[in-house]
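Beneath this line is the structure, given in structure tokens, with notes to follow.
Every number here is computed from the coordinates shown, using simple stated rules; none is lab data. Predicted model, so just to flag it, every value in this text is computed and none were measured. Here the Cβ is made from the backbone with ideal geometry for all residues, glycine too, and neighbour counts use every protein chain on show.
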Amino acid sequence: MRTAGVVLAVAAALALQTTLARFVVRGTVAVDLVLVVVVFVALTSGPAAGLLAGAFAGLVQDALSSSIVGIGGLAKTLVGFLAGVIGTQFIVVHTLPRFVVFFCATALHAVVFMGLYMLLDLRQFSAPYAGVAGQAVGNALVGVIAFQVVELLPGAMERRRAQRGGIRR
Amino acid sequence: MRRWDNPVAVIDLRQRAGYLFIAVMVVHVILISAQVTSKSGVPVLESVTFGIFSEIQRVMSTGVSGVRRVWTGYIGLRHLKQENDALKRELAAAQIAAQEQQALASRARGLEKLLELRDRTSLRTTAAEIIGMAATQDFRTVTIDKGTRDGLRPDMAVIAPAGVVGRIVVPSVRSAKVQLLVDRNAAAGAIVERSRAQGVAVGVGGDRLEMDYVSEVYDIVVGDIVVTSGIDGIYPKGFVIGRVESVERSGGAYKRIVVRPAVDFNAVEEVLVVVTPTPAREASGGASE
């Protein structure tokens, strides 16, 4: 059930990502929703789930983007694993630590992804710092908001039900 | 309770994230390597695998050679061995020079061949030692101790004092895989020196070659010398491939010719790699650039 949820979340993120791809900041997409989902899964479910989600999401993303299949998968596997380890070793329940984790995860992903492409002499990235920083901030904001929504939504619905019950009585 | 006492925990991947991480990363690396080709045009996976394995072969070859040298050279015939080695080197150089001279003389008969004389005399070679054989008999290849660091590239011809050995197929940084002429996937443009009949010498996987596409009208007899024609763009013209061992009428338009290679592929230890690009290789290199 949980696995199906992760797969659905990745699929939804990919679908949204393909529509958001046109919002580009200096050659880098402003928000990588797939990466946000991977880090979210890693922080909530641990390193094993994080790395598997990263591998699955990255490979699908690679296959859809007609690049070398595996480079995005490798980068997201690494990020998912490390985010999961951080999630189990440290208390990451407040907004600021979560923001930092999402920010650093995006930066690490960019370093590994672009680094591999440059190392293999397949593609060059000219001064991508501003683009990566913009994407890191975007991912961190979306990630933090996603956590808030997921955590606050059940309580809000409960209160709403309770209110409706009181009015009927 | 320890993890190993619980069989469910042993197969539960969530408790083995580290191993899972390493496994997934290795799969990714292999996946990427299989898709990316190196600068020499060989897939990275093949190049890296061969590079690693050739280092093992180098170490083993060095060890075996060291023991053999100590036994035969130092303890037994120290001075004679050194002298013999020097004489062998001189003889090898003389045989190469003799082959070049022989080829030059034959080409001097025609005006057309006069232009090729310049290419031939300027042949630049680099010596290499064989450090390993193929992992399986299905592929007739050897590993030499020179690689891209020494200027070696794919499709460079490899020769020995006795004649043509093969061509380089997979160069790594410090070593290279050489496809022998007797490999079933190997072929070279060939010409019978006496009758000037042209054909293609192809490997059949054994220790003999077949010369294909030689018309029935040509006069070919057992003992005729077969040399490279140079039309394949890999092997320089005029190097000895072998001698005709048998000639049969196949009933069709071509003769069935079996050639005994001039080189004893099981005994060859040192080879020369022709570094000078052939005109065809220069043309293809220039086009790709």
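Subtract the Cα-Cα distance of B:S246 and B:Y218 from 0.36 nm times their separation in residues, and report this length gain in nm to one decimal.
Values: separation 28, 0.36 × 28 = 10.08 nm, distance 1.43 nm.
Between B:S246 and B:Y218, full extension yields an extra 8.6 nm.
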Q | Cubic angstrom per residue, convex hull over Cα atoms of chain A | A | 132
Q.
Amide H of B:S175 versus every other amide H placed in the peptide plane: which residues, excluding those fewer than 5 positions away on the same chain, fall under 5 Å?
A. B:G147, B:T148
Q. Do any of B:K88/B:K237; B:K146/B:K237; B:K177/B:K255; B:K177/B:K237; B:K81/B:K177; B:K88/B:K255 go past 31 Å between their Cα atoms, and which?
A. B:K177/B:K255; B:K88/B:K255
(Q) With unit charges on the beta carbons (Lys and Arg positive, Asp and Glu negative) and the dipole taken about the Cα centre of chain A, which residue among A:V149, A:F40, A:T95 sits farthest to the positive side? (A) A:V149
Q) What length, rounded to one decimal in nm, is gained on full extension from B:N84 through to B:R208, with 0.36 nm per residue of separation minus their alpha-carbon distance? A) 41.6 nm
Q.
7 Å from Cα along Cα→Cβ at both A:V7 and B:W71: what's the point-to-point distance in nm?
A. 6.2
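What number, in percent, do you get for the relative contact order of region B:133-271 if the mean sequence gap of Cα pairs under 8 Å and at least 6 apart is divided by its residue count?
20 percent.
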Q.
How large are Rg and Dmax for region B:186-287 when calculated on the C-alpha trace, in angstrom?
A. 14.3, 43
(Q) Can you give me the long-range amide H partners of B:I131? Hydrogens built in the peptide plane at 1.01 Å from N, cutoff under 5 Å, separation of 5 or more residues or another chain. (A) B:T143, B:I144, B:D145
**Q.** Rounded to the nearest 20 debye, dipole of region B:148-188 from Cβ charges on Lys, Arg, Asp, Glu
**A.** 120
Q. How big is Rg to Rh over region A:55-102, alpha-carbon atoms, Rh as the Kirkwood inverse-mean-distance radius?
A. 1.13
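When the Kirkwood hydrodynamic radius is evaluated over all pairs of different C-alpha atoms of region B:207-264, what value in angstrom, to one decimal, is obtained?
Values: mean 1/r = 0.0840 Å⁻¹.
Evaluated over region B:207-264, this radius sits at 11.9 Å.
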(Q) Once you place label points 7 Å from the Cα toward the Cβ at B:V268 and A:L153, how far apart are they in nm? (A) 7.0
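Once a ≥ b ≥ c are taken as the square roots of the eigenvalues of the Cα gyration tensor of region A:122-169, is the result rounded (a/c under 1.5), prolate (a/b larger than b/c) or oblate (a/b not larger than b/c)? Kindly include the intermediate steps, with their values, before the conclusion.
Working: a/c = 7.79, a/b = 5.79, b/c = 1.34.
Note, shape of region A:122-169 comes out prolate.
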Q. Given H placed 1.01 Å from N in the peptide plane, which residues other than close sequence neighbours of B:A160 have an amide H under 5 Å from its amide H?
A. B:V165, B:L272
Q: Please give the calculated 222 nm ellipticity per residue for chain A, where each DSSP H segment of at least 4 residues contributes -39500 (n - 2.57) and the sum is spread over every residue; nearest 500 deg cm²/dmol?
A: -27500 deg cm²/dmol
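Need one number: convex hull volume per residue for region A:69-169, Cα atoms only, in Å³. Before the final figure, lay out each step's value.
Values: hull volume 13.3 nm³, N = 101.
Normalising the Cα hull of region A:69-169 by residue number yields 132 Å³.
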Q: List, in order, the whole-Hz ³J(HN,Hα) value for each residue of region B:236-248 obtained from phi through the Karplus relation with A = 6.51, B = -1.76, C = 1.60 and θ = phi - 60°; use x for Gly and Pro.
A: x, 5, x, 8, 6, 9, x, 10, 5, 9, 8, 10, 10
